[in-house]
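Reading through the structure tokens given below for one structure.
The values are calculated or read from the model by the stated rules, or taken from the named source; none is laboratory data. Nothing here was measured: the structure is a model prediction, and the numbers come from that model. Cβ: placed from backbone, ideal geometry, glycine included. Neighbour counts: every protein chain shown. Note: accessible area is taken over every heavy atom of the protein model, side chains too, but ligands, DNA and RNA are not part of it. Shrake-Rupley method; radii C 1.70, N 1.55, O 1.52, S 1.80 Å.
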Amino acid sequence: MPITVTSPLLPDLGEFNSLLQEIWDSKWITNNGSFHKRLETALAEYLKVPYVSLFTNGTLPLLTALQALRITGEVITTPYSFVATTHAIWWNGCKPVFVDIDPATGNMDPDRIEAAITPKTTAIMPVHVYGKPCDTRRIQEIADKYGLKVIYDAAHAFGVEVNGESILNAGDMSTLSFHATKVFNTIEGGAMVMHDAETKKRIDFLKNFGFANEVEVVGPGINSKMDEIRSAYGLLNLKQVDAAIEARHQVAIRYREALRNVEGITFFDDMPGVRHNYSYFPIFVDGDKYGMTRDELYFKMKENGVLGRRYFYPLISTFSTYRGLPSATPENLPKAHRMADSVICLPMHHALSEEDVNKVISLIIKQ
Ligand code: T4K
């Protein structure tokens, strides 16, 4: 069996079956049913945020956030992410403006934001990449100075806290992905986090075609409601997510111990005051020092049944839709290119055995 980059956290099948029985008995399978409501409440409590609105995946809340805030013109974002971040900007008819990253975190470099602002800029869409918190205070200061909205793509940042406070409370809205490959999954799924009841109401309208009631449509909504089956599945997974995060933490500790002194291999350490979720474990390969290029190591691991992934290579700014944008040039994004060209995300999930972890390590250590 290959060792894959991740493996989904699955609820107990017996418990899931009894919730399915409840759903079957109720004959209410979607459209804001009781499991949907229960999961929203449970997640708000777990994540320490005021309001959560569930979605069918992590892409649609990004689209909906831009729509809800009536974002137009240009949106400043990072090229170092999964392509969904930039697609959401494009689908709203806005122009993505890429700024380079800070290599210390992989996140958008706040020092580069002001130079990218033009009279057409209306929002900033940063990503807490790999669940590492952005410098939310600095980003907010810039946003306030120029009157911009901030929407965080927090797809990787489930449960991440800074000094005891959820990172999801930063900005105007944050979005989450509950895809099978994420720390917390509902198979497919996602959510938006917002600060007040009025916004939650509006988002709930927008994810249901814009319907405020049977006869009134208050905006160009979409259909992106999570169904009852996935909501029930999510309720069960929520009970075991802390244990899963702790299991991931132990894997991170082991990787760090073993790889710390390997010439040409670097990785991130935990940040002070941060509750991390260990969603990914990226390493960065310096080919000259390590003696093998990133791709040589990547394919060697693959041939030996260790399926790491080069998240996030290629950079979003190099894809055909975006590469013609003025901000997409490699000269504008040297640090993002360097990171994309050196990264391998090692297998990281709750169910990795000691043997699996040792195999990954030995493939990196023994050239
Ligand atoms: N913003 C950011 C920053 C994101 O990273 C993402 C998604 C989004 C927004 C959008 O959220 P969603 O709309 O997806 O909810 C995966 C995921 O599909 C995607 O959700 C994720 N980011 C992205 C980083 O990675 P792939 O194409 O790498 O997944 P795949 O199918 O190759 O799976 C990777 C490994 O996981 C497999 O080798 C084995 C394991 N796996 C996967 C699945 C689907 C399983 O063991 N079981 C499974 O069912 O994209």
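Comparing PRO133, PRO334, PRO79 in a Gaussian network model of the chain where C-alpha atoms under 10 Å apart are linked, the largest mean-square fluctuation is found at PRO334. In the chain, taking the dipole from charged Cβ atoms about the Cα centre, the farthest positive-side position among CYS134, LEU13, ASN332 is held by ASN332. Across region 139-148, computed HN-Hα scalar couplings (Karplus, 6.51 cos²θ - 1.76 cosθ + 1.60, θ = phi - 60°) run 5, 5, 4, 5, 4, 5, 4, 9, x, 10 Hz from first to last residue, x flagging Gly and Pro. Add +1 for every Lys or Arg and -1 for every Asp or Glu among the other residues with Cβ under 13 Å from the Cβ of VAL183, and state the total. Value of the local net charge: +1.
Taking only protein heavy atoms into account and a 1.4 Å probe, give the accessible area per residue of the chain in Å². It would help to have the intermediate numbers written out before the result.
Details: 16010 Å² over 367 residues.
Result: 44 Å² per residue.
Descending by average beta-carbon neighbour count within 10 Å, the peptides 148-161, 287-300, 220-233 line up as 148-161, 220-233, 287-300, the highest first. A dipole drawn for the chain from +1 and -1 charges on Cβ atoms has a positive end, and of THR321, LEU259, TYR152 the residue lying farthest that way is THR321.
A simple rule links phi to the HN-Hα coupling: the Karplus curve 6.51 cos²θ - 1.76 cosθ + 1.60 with θ = phi - 60°, which for region 120-131 gives 8, 6, 10, 7, 10, 10, x, 10, 7, 5, 6, x Hz, with x for Gly and Pro.
Evaluated with a Cβ-only charge set (Lys, Arg +1; Asp, Glu -1), the chain carries a dipole of roughly 480 debye about its Cα centre, given to the nearest 20. Per-residue surface analysis assigns SER81 an accessible area of about 10 Å², computed on protein heavy atoms at 1.4 Å probe radius. Expressed per residue, the C-alpha convex hull volume of region 240-365 stands at 140 Å³. Given 10 Å bins starting at zero, what is the percent of C-alpha pairs of region 3-237 in each, up to the one with the largest pair distance? Going out from 0 Å in 10 Å bins, region 3-237 shows 8, 33, 35, 18, 5, 1 percent.
Name the most mobile residue of LEU352, LEU66, LEU168, meaning the one with the largest mean-square fluctuation, in a Gaussian network model of the chain with Cα contacts below 10 Å. Among LEU352, LEU66, LEU168, the largest GNM mean-square fluctuation belongs to LEU352. Taking amide H as placed 1.01 Å from N in the peptide plane, the amide H of LYS149 sits under 5 Å from that of ALA123, ILE124, each at least 5 places away or on another chain. Measuring with a 1.4 angstrom probe and ignoring ligands and nucleic acids, MET339 comes out at about 10 Å² accessible. When DSSP beta bridges are restricted to pairs lying wholly in the chain, around 60% turn out antiparallel. Across the accessible surface of the chain, with the other protein chains kept in place and a 1.4 Å probe, carbon and sulfur atoms take up 54 percent.
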